[in-house]
Amino acid sequence: MQKSGEYKPANTLYKDPASSQDGNSRRSYFDEKPFVDDPSHIKNARHEVSRVYGQTDGSVEDKINPDVAAFHKPKYLEKALPSEVATLREIGKGIADLRSSKVGGAR
Amino acid sequence: MSRFIARVIKKIFVDDSIDKAFSLPKIGRKSSKPLTQRELIQLESHIGAAIFGEKPEHVVRREFFNLDENTWIWHEEVLQENGKNQQLTTKYEIQPRGILKIQPNYKYSYLEGAELDNFVMAAKEYYRRIKYDIYSDVSGDDAKSDEYVLAK
């Protein structure tokens with residue numbers, strides 16, 4: 001039982017190993033399915049957005065705070081591919097092509 | 001991470017000494033003897049290490065090679081004052097965001113500034129040298145594509 005005043009997050013990936021019902025102490029942060037694959041979490045998110053913004057028509061994407069959306073955007077999408085990366089990839093492909101033309105035996 | 005790199009180094013340079021590396025079959029422009037990928041990487045690494053000039057006296061061994069399309073390895077063995085060899089292996093991963101430098105003890109950083117410029121320069125020189133010294137007999141040598149790569 002949860003004691004009064006004790007904080008217990010209702011919706012989290014974390015499972016306390018000691019409290020796992022199957023007694024498996026190997027459980028970790030990633031034993032649960034990620035949010036993105038679980039429709040129930042999306043449903044919960046829609047409900048939360050609707051609650052905050054008073055939105056009920058289901059088009060939650062338009063109502064999400066742009067600052068929050070920017071925060072969740074992967075960093076590598078924020079800027080274009082660095083020219084050094086493109087150059088090194090070209091070189092890597094060039095070397096791979098050279099090797100494949102020369103390799104004759106087992107790798 | 002360090003275990004992974006150590007395994008890679010060991011796999012490519014299996015119990016070989018510098019002498020053995022030197023004794024590898026030389027493949028010139030006229031040689032068409034097929035080699036394994038490991039042998040090719042050994043040859044490339046010998047050339048790659050030479051990009052940085054003569055080794056200082058305390059450097060026992062130096063390797064620099066392209067492991068695959070997105071990975072470069074720098075390996076150096078240094079003779080310490082106590083007579084023991086210290087090994088340092090650095091892995092460079094080509095990632096969308098930049099060049100991730102990975103060193104033992106969980107040291108991660110993206111290359112930037114002069115270090116990034118020098119690394120790109122070394123990679124270009126590596127490509128130019130191995131193409132000329134090892135693969136120049138490859139048929140269908142496309143000079144235009146070579147220029148395209150090196151001009152960037």
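Here, each number is a calculation from the coordinates, and none is a lab measurement. Computed from a predicted model, the values in this text were never measured in an experiment. So basically every Cβ, Gly included, is an ideal-geometry build from the backbone, and we count neighbours across all protein chains shown.
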Of B:105-117, B:64-76, B:82-94, ordering from highest average Cβ density within 10 Å down gives B:64-76, B:82-94, B:105-117
Taking A:89-99, B:50-60 and ranking on average Cβ neighbours within 10 Å, highest first, one gets A:89-99, B:50-60
